[in-house]
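The structure under discussion appears below in the form of structure tokens.
Nothing in this text is a laboratory measurement; each read-out follows from the coordinates by a stated rule. As the structure is a prediction and not an experimental result, all values here were calculated from the model. Glycine also receives a Cβ, built like all others from the backbone with ideal geometry; neighbour counts cover every protein chain displayed.
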Amino acid sequence: MSQKLLEVTNLSMHYDTLDGNVDAVKNVSFTVNSGESFGLVGESGCGKTSVAMTLLQLQPDNSVITEGSIKLEGKELIGLSENDLRKVRWDSISIVFQGAMNAWNPVIKIGEQIREAMREHYPQNSKQENINKINELFKMVGLDESISERFPHELSGGMKQRAVIALALSCDPKIIIADEPTTALDVVIQDQILNEIKKVQNLLGLSLIYISHDIAVIAEMTDKIAVMYAGSIVEIGPTQSVFESPKHSYTRALLDSTPSIRGEKKKLRSLDGEPPSLINEIQGCSFSPRCPSPSSGCKNQSVEMGLIQIGEEHFVDKCCSECV
Amino acid sequence: MLIYTVKRFFEMVIVFFLFLVISYLLFNAIPGNAFSSLLLNPLLPPEAYQKTIEAFGLDKPLYERVQLYIINFFKGDFGYSYTYYPRTPIDLIAERLPRTLMLFSIVNVIAFYTGFLVGKILAWRRGSKSETWITIGSVFSYTVFYPWFALMMLWFFGYKMDWFPLGKFLVPEKWYDSPYTSDEIFYTLILFVTVSSFLLFLVFIFTRNIESLQNRRNVRFLGLLSLFALAAMYWSNGEAALKRFYAADIAFHMILPTFTVTLVAFAGTALLTRTTMMEVLKDDYILTARAKGLSQKRIRDRHAARTALLPVVTSFIFTIITIIDGSVLTESIFSWPGMGQLILEAVVQEDIPLAMASFSFIGILALIAHFIADISYAFLDPRIRIKAEN
Ligand SMILES: Nc1ncnc2c1ncn2[C@@H]1O[C@H](COP(=O)(O)OP(=O)(O)O)[C@@H](O)[C@H]1O
Ligand SMILES: [Mg+2]
């Protein structure tokens, strides 16, 4: 259970744009153990998808990784050749993309698109073996076998999303990344899909990286959680501990702006202001301009951001470590 | 799919009727009597004049004439060509159409196939040096003033280098004691090209499902080799061996026009494919394909190029529609005696029956091409297939 599967250390990445560098990922570190589910939460644009893409080494052409390492089962992924990466992708790590609605090629049948991946990673399998396995997966995510013979546009959003999950499972990965897998779905379906993912994860003993802007969902789904703000992780720890004693003012703001999951009546408070532009280098604590209770230290631009430990496996950005 | 096809077919028939009526009315609108030039042709005997008047009901009111024309059309009776009296338009078209179709089908198939291949590689290698240069070259040949370009090709390869004949269909001196007419030889050629492209097509279709790329390539190579062997056997035995000399003469005359038109047509396809493919490469499912760990080639050919094929097919079909109109220029420059020249002649000489028959054929061809476009589109894109079924 506590075996390290994915280890990300000091990962920094920026996009090269005409307006300058967009620092989308700054000095991000976390580990995911096997069988564990890890949540990444933060406002839209804080760099969650950038982290996810970098884990698969599928980041856009204009991105530059300046520092850090990504180790999957002890094997470094950064700098691996495209051919070696091909063997890792889907076989060890698969992903359900944000906006997975468009993840299917419109002119190829669903079943064939799944089999295509299986042929790549299990060349010895017969066609029938693959079909059997797909049917099994479909059953697991609540889809009918006949979906295999359908084209993407014949399916509803929820069905497509379930099929995407089946696709992500098709080559027995050790870890699945789910990047806002339910954002485009209506609420009832969202709930079903979440349950499906959780069920499958437990059943197969997979690791999961669940990415969302909705901290309530993350609470339901994960054992461990990292809160991201403007490209950096500002608080990370066991989900329970972070929820019970959030330390960073951003985490607290996030929790406050969500209807309480435990049903306590609390006044909803939304956060004022906008996240900072990632183009300009940010001095000091990136959250201080929006912080409801900034201390004098926070505004001090010479303070570098960095995590310090405040509890068992619970870390928070220096700046807020003293906050009450 | 069947219902869709039938529906489309009936629509096509209706449109064709409208086309016939409208084109008749347009010719009818020519100032004076549309057939007055008939009188001026000294070669035309009076009985032909009388026959035409009767056949087309020229002394009857307009609506009767239209009726008569349509009835005659379906009987295949267009009267006589004024310029080629006593040959009929049908007879002339039957002689000229195959020449045009042969030349331009070959051109279009080569141009679209290579254009598509090049276009997809250009999009894939975006930003590389070779991509830049080939793209610039394609833009040049796509935008070049075609008549000038064709004349330059003719001047350079035909006159300056003297590698190819300066146009025409054959060298008459070689044919003085020929036991065959040029048409006989040409039909043999057409048959040969049709059969061999069909066989080639079969080779590709049947090897499509060979999973290993290496094996597929080898099997296809073997297939090509045996096709070549078959072709060689065909031309060295029996009657074909006697026809070989004349067939080669015609084929030789086809090379320069084929090459010239291909260069121009190819560029358009390559640029079109490049643009669509670059759009497709931005789609999410390309990212999925990469995440799945598929090979570059598979992503390019199976996921990107397949979707980028749709607009290319459309443009291919629309090119087929314009083959005959488009052939006017090429055939004039290379003195290729096909439909293009025939139409030009008919119009310049006011040979009304011939012109009308020719335009009707263009219409039929255009409709058939549209029909094929719709059907093959539905075949290639399942989204349209579904819509079509409902
Ligand atoms: N290809 C790119 N080029 C330039 N900037 C990008 C690119 N992709 C994302 N960004 C920027 O990087 C930041 C982080 O984006 P993203 O990782 O998608 O955030 P999230 O998934 O948390 O919403 C955003 O400001 C976004 O505008
Ligand atoms: Mg995102």
>> Under the rule a/c < 1.5 gives rounded, and otherwise a/b versus b/c splits prolate from oblate, where does region B:156-269 land using the Cα gyration tensor?
In response: oblate
> Could you give the angle, 0 to 90 degrees to the nearest 10, between helix A:127-140's Cα long axis and the longest principal axis of the Cα atoms of chain A?
Replying inline: 50
> Between A:Leu18 and B:Leu58, what is the spin-label point distance in nm, taking each point 7 Å from the Cα along the Cα→C-beta axis?
Replying inline: 6.7
> 222 nm [θ] for the protein assembly as shown, helices only, -39500 (n - 2.57) per DSSP H run of 4+, per residue, to 500?
Replying inline: -17500 deg cm²/dmol
>> Using amide H atoms built in the peptide plane, which far-off residues or other-chain residues are under 5 Å from A:Arg150 H to H?
In response: A:Ile110, A:Gly111
>> Run the numbers for B:Met152 and B:Val139: contour at 0.36 nm per residue of separation, minus the present Cα-Cα distance, in nm.
In response: 2.9 nm
> Considering only the protein assembly as shown, what is the antiparallel percent among its DSSP beta bridges, to the nearest 5?
Replying inline: 65
> Which ³J(HN,Hα) values, rounded to whole Hz and listed in residue order, are derived for region B:17-28 from phi using the Karplus coefficients 6.51, -1.76 and 1.60 in 6.51 cos²θ - 1.76 cosθ + 1.60 with θ = phi - 60°, glycine and proline given as x?
Replying inline: 4, 4, 4, 4, 4, 5, 5, 5, 4, 5, 5, 5
> Of B:Pro45, B:Pro147, B:Pro311, which has the largest mean-square fluctuation in a 10 Å C-alpha GNM of chain B?
Replying inline: B:Pro45
> Of B:Ser81, B:Ser236, B:Ser138, which has the largest mean-square fluctuation in a 10 Å C-alpha GNM of chain B?
Replying inline: B:Ser236
> Mind checking the angle between helix B:352-380 and chain B's longest principal axis? C-alpha axes, 0 to 90 degrees, to the nearest 10.
Replying inline: 20
> Once phi is turned into θ = phi - 60°, what whole-Hz ³J(HN,Hα) does the Karplus curve with 6.51, -1.76 and 1.60 give for every residue of region A:39-55, x standing for Gly and Pro?
Replying inline: x, 10, 10, x, 5, 4, x, 8, x, 5, 5, 4, 4, 4, 5, 5, 4
> Which of these, B:Thr269, B:Thr322, B:Thr181, has the largest mean-square fluctuation under a Gaussian network model of chain B (Cα springs below 10 Å)?
Replying inline: B:Thr181
> Which value, in debye to the nearest 20, describes the size of the charge dipole of chain A about its Cα centre when Lys and Arg Cβ atoms bear +1, Asp and Glu Cβ atoms bear -1, and nothing else is charged?
Replying inline: 500
> Fewest to most neighbouring Cβ within 10 Å: what's the order for B:Arg126, B:Arg99?
Replying inline: B:Arg126, B:Arg99
>> Give me, ordered by chain and number, the residues 5 or more places off A:Ser37 or on other chains with an amide H under 5 Å from its own placed amide H.
In response: A:Leu208, A:Asp223, A:Lys224
> So what are the ³J(HN,Hα) numbers for region B:260-273, from phi and the Karplus equation (6.51, -1.76, 1.60; θ = phi - 60°), rounded to whole Hz, Gly and Pro as x?
Replying inline: 5, 5, 4, 4, 6, 5, 4, 4, x, 5, 4, 5, 4, 4
> Helix B:339-348: angle to the longest alpha-carbon principal axis of chain B, degrees 0 to 90, nearest 10?
Replying inline: 40
>> Check which residues have an amide H placed less than 5 Å from A:Val234's amide H, if you skip close sequence neighbours.
In response: A:Val227, A:Met228, A:Tyr229
> If each residue's Cβ is checked for other Cβ atoms within 10 Å, how do A:Asp23, A:Asp144 rank with the fewest at the top?
Replying inline: A:Asp144, A:Asp23
>> Taking the number of other C-beta atoms within 10 Å as the exposure measure, put B:Asp77, A:Asp172 in order starting with the fewest.
In response: A:Asp172, B:Asp77
> At A:Glu281 and B:Phe73, where each label point lies 7 Å from the Cα along Cα→Cβ, what is the point-to-point distance in nanometres?
Replying inline: 7.7
> Under 20 Å from a point 7 Å along the Cα-to-Cβ line of B:Leu230: which residues of region B:167-205 have their amide N that close?
Replying inline: B:187-205
> Taking a label point 7 Å from the Cα of A:Glu76 along the Cα→Cβ vector, which residues of region A:39-69 have an amide N closer than 15 Å to it?
Replying inline: A:65-69
> Where does the charge balance sit around A:Ile110 when Lys and Arg score +1, Asp and Glu -1, over other residues with C-beta under 13 Å from its C-beta?
Replying inline: -1
